[in-house]
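Structure first, then comments.
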Amino acid sequence: PLVWPGLAHGHCTRALVEAALAKQGAFVESVALEVNSVHILKSAVEAGIGPTIMPLNLARREVDEGRLIARRIDCPRLYRRVGLCVSTRMPSTPARQAVADLIRQVVSDMCLQDQWPGSHILTAGPA
């Protein structure tokens, strides 16, 4: 049985996995526990309640410390896109632009240095 994020508050990994399974006519048969906090999710896995499926970056510290073990799932159909979103109601300021530029640079560096496993840089959209 899996330890799984709750449907209403879980990160998108659950929806991705369940959609991929549904396309194959399968489903998650047993859920040991549903939680709405990544911290509690990792704690439940560490306590042995069950395994979970999550982005490695969410458990990087616990894996590096030897508290959790991670295995890559090689499935090209499981992917997600993330982007930088800003409000159209707030005026652009030099500070906001500087933060957006910094985020882009950090994400780019993490991808290029394989600090964000499985990530790929896509073409940039408007700032």
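The values are calculated or read from the model by the stated rules, or taken from the named source; none is laboratory data. Small disclaimer: the values here were computed from a predicted structure and weren't measured. Backbone-built Cβ (ideal geometry, glycine too); neighbour counts: all protein chains shown.
Brief remarks on what is shown
- Screening Val31, Val106 for residues that are aliphatic (A, V, I, L, M) and touching a strand residue (DSSP E or B) at 6+ places or on another chain (Cβ under 6 Å) leaves exactly one candidate, Val31.
Every residue, every condition in (1) outside the structural domain of Leu122 (by TED's automatic domain parsing); (2) hydroxyl-bearing (Ser, Thr, Tyr), yes or no:
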| residue | (1), (2) |
| --- | --- |
| Cys12 | yes, no |
| Leu16 | yes, no |
| Ser30 | yes, yes |
| Cys85 | no, no |
| Met90 | no, no |
| Thr93 | no, yes |
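- Of the criteria (1) over 16 Å from Thr13 (Cβ atoms); (2) in contact with a Ser or Thr (Cβ under 8 Å, 6 or more places away or on another chain), which one Met54 fails: (1)
- Restricting segment 54-98 to residues that are of a type in the set (Val, Ile, Thr) and in a loop (DSSP other than H, G, I, E, B), the residue that is surrounded by the most Cβ atoms within 10 Å (Cβ to Cβ): Val86
- Tabulated pairs, segment 53-70, first acidic (Asp, Glu), second surrounded by fewer than 16 Cβ atoms within 10 Å (Cβ to Cβ), C-beta under 9 angstrom, 6+ apart or interchain: Glu62/Glu46; Glu62/Ala70
- Residue under evaluation Gln105, criteria (1) assigned by TED's automatic domain parsing to the domain that holds Ala19; (2) within 20 Å of Leu122 (Cα to Cα), criterion not met: (1)
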